[in-house]
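This report concerns only the one structure given below.
Throughout, read-outs are computed from the coordinates displayed, never taken from laboratory work. Since the structure is predicted, the reported quantities are computational estimates derived from the model, not experimental observations. Neighbour counts are summed over all protein chains in view; Cβ atoms, including those assigned to glycine, are modelled from backbone coordinates with ideal geometry.
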Amino acid sequence: MRGAGKSAAKTGIGNRILRAPAFAYCRSAASGPLSLFCEQTDLALLAERHGTPLYVYSSETIRARLRAFGKAFCSVPHTLCYSVKANSTLAILRLVAREKAGFDVVSGGEVERVLRVRPKGARIVFSGVGKTVPEMELALKSGILLFNVESASELRTLAATAARLRKKASIAIRVNPDVSAKTHPYISTGLHEHKFGVPIPEARTLYAAAAKHPNLNVAGVSVHIGSQITDVGSFKDALQRVAELVRELRGAGHDIRYVDAGGGLGISYLATQTPFAEKVAVYAKAVLEPLRKLNVHLLLEPGRSIVGPAGVLLTRVIYRKTNNSKRFLIVDAAMNDLLRPSLYGAHHEMVPVKRFRVAQRFNAAISRAIPVAALAT
Ligand SMILES: Cc1ncc(COP(=O)(O)O)c(C=O)c1O
């Protein structure tokens, strides 16, 4: 969001809890309560104006994170392809496009959304295990950069679709490197037991088959081992396997120009946060070391690490209840608004939007003022 409200003095109070710098408690009036601001705007005012539940995102944070990636990888040719599934709101896609980043998509719907903010598909990579023929057609017609192919049957279908449209599809095979991402099993994708990617021995066969097809252009190798990964050693292990494969494929005559390192960089939901620029620099080192001297164009597909810390979900407490001495606050947001806690036990920090002093809190309680809570997304 743009700074819309009056400027308010930021205070350090309440900032012990991790939070992107754009979210801070400020006092808009000298004697008033502290209120959580997003950039220059009081979240309580937004809740009043637009109602709750309400998602609010900081454009400043998204921009800063995209730029931190750009800086960390500036030593190599690269394209940042924001993973649209992380948040496909058009305003966010527009912001990403303005920052000159590309997009990683997993469905025809996502291709359509991206085309609404940038009519040419040249910076789109298409991932996902279940691409349908109409989705392939749409992507081929819009001239996307790369299909990350996930199976022999998908490769056959893509070849046939491209031939029918008289197009040439640039492809990478998404390999399954059999590396543990050391993250929650539901968001882990890089082990043999997972449905994602192709085991490396089978990938060799697919590259050989693709090279013979006139409507396929072998261009890269792709990998994505999971999400919310905090141990960068997993990225390094995966890319070491990818680098070995690139050398081998080039040795076999394939023109491998791209390595797509996927997404997955984790964010902090609990602990005190290391500045993002430092985190992404450590990540970049882990990714780049195995690729040294390979002279490839690197593609990156970050999602969560770009938008997660940039947003809050504003929700209002509507009831309080006690069941068998356990106290509950009933809010107007539910799992349809924030699925992750029930899906895989994700933790989301919850903080009050207004922080009253003790006397103010007492007055607010008797006037039945309803507190509004913000959850980091
Ligand atoms: C192929 C692919 N790329 C990128 C991402 C984005 O990952 P993250 O949001 O963890 O950065 C995902 C997420 O599931 C994915 O499946």
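Where is the GNM fluctuation largest for the chain (alpha-carbon springs, 10 angstrom cutoff): A101, A334, A86?
Sorting by GNM fluctuation, first place goes to A334.
Over the Cα atoms of the chain, Rg to Rh with Kirkwood Rh, two decimal places? Mind showing how you got there, number by number?
On the way: Rg = 23.2 Å, Rh = 22.4 Å.
Ratio of gyration radius to Kirkwood radius: 1.04.
Give the lysines reachable from K279 as a straight Cα distance under 16 Å; neighbours fewer than 8 places away on the same chain don't count.
K71, K236
By DSSP, what percent of the beta bridges with both residues in the chain are antiparallel, rounded to the nearest 5? Intermediate results must be reported in sequence, preceding the final value.
Numbers: 29 of 58 bridges.
Expressed as a percentage, antiparallel bridges in the chain total about 50.
Got a sec to turn the phi values of region 310-320 into Karplus ³J(HN,Hα) couplings, 6.51 cos²θ - 1.76 cosθ + 1.60 with θ = phi - 60°, whole Hz, x for Gly and Pro?
For region 310-320, the Karplus curve yields 8, x, 9, 9, 8, 9, 10, 6, 9, 9, 10 Hz.
Helix-only mean residue ellipticity at 222 nm, the chain, DSSP H runs n ≥ 4 weighted -39,500 (n - 2.57), per residue, nearest 500. What is it? Please report the intermediate quantities before stating the final value.
Values: 12 runs with 131 residues, N = 377.
Value at 222 nm, helices only: -10500 deg cm²/dmol.
Rounded, prolate or oblate: pick one for region 12-121, where a ≥ b ≥ c are the square roots of the eigenvalues of its C-alpha gyration tensor, a/c under 1.5 means rounded, and failing that, prolate if a/b is larger than b/c, else oblate. Before the final figure, lay out each step's value.
Details: a/c = 3.21, a/b = 1.72, b/c = 1.87.
It is oblate, given that a/c is not under 1.5 and a/b is not larger than b/c.
Calculate, in nm to one decimal, what M350 and H184 gain on full extension: separation in residues at 0.36 nm each, minus their alpha carbon distance.
Numbers: separation 166, 0.36 × 166 = 59.76 nm, distance 2.14 nm.
Result: 57.6 nm gained on full extension.
With an 8 Å Cα cut-off and a minimum separation of 6 or more residues, compute the relative contact order for region 59-308 in percent. All intermediate terms of the calculation are to be shown ahead of the outcome.
Details: 490 pairs, mean separation 54.2, N = 250.
This gives 22 percent for region 59-308.
Given points 7 Å out from each Cα along the Cα-Cβ axis, report the A152 to A29 separation in nanometres with one decimal.
Taking the two extended label points, one gets 7.2 nm.
Residues with beta-carbon under 10 Å from that of C81, excluding C81: net charge, scoring Lys, Arg +1 and Asp, Glu -1? Please report the intermediate quantities before stating the final value.
Values: positive: R123; negative: D104, D260, E301.
Net charge around C81: -2.
Straight-line reach from K131: which lysines have a Cα under 25 Å away, not including same-chain ones fewer than 8 places off?
Candidates past the 8-residue exclusion: K85, K120, K141, K167, K168, K195, K212.
Just to confirm a number: summing +1 for Lys and Arg and -1 for Asp and Glu over residues other than G190 whose beta-carbon lies under 11 angstrom from that of G190, what do you get? Don't jump to the answer; show the numbers that get you there.
Details: positive: R174, K182, R241; negative: D178, E193, D237.
So the environment of G190 carries a net charge of 0.
Which residues does the label zone of K212 cover in region 145-178, counting backbone N under 16 Å from a point 7 Å along Cα→Cβ?
Output list for this probe position: 152-153, 155-157, 159-160.
For K167, put the label point 7 Å out on the Cα→Cβ axis and report which residues of region 202-235 keep their amide N under 14 Å from it.
Within reach of a label on K167: 215-217.
Given a Förster distance of 25 angstrom, what is the FRET efficiency for S75 paired with E248, based on the Cβ-Cβ distance and rounded to 0.05?
Values: r = 25 Å, r/R0 = 1.00.
After rounding to 0.05, the efficiency reads 0.50.
Hand me the GluC sites (Glu not before Pro) from region 150-248 located in a DSSP loop with no more than 13 other Cβ atoms within 10 Å, in residue order please. List each step's numbers first, then the result.
Working: sites: E150, E154, E193, E202, E244, E248; in loops: E150, E193.
Sparse-neighbourhood loop GluC sites (Glu not before Pro): E193.
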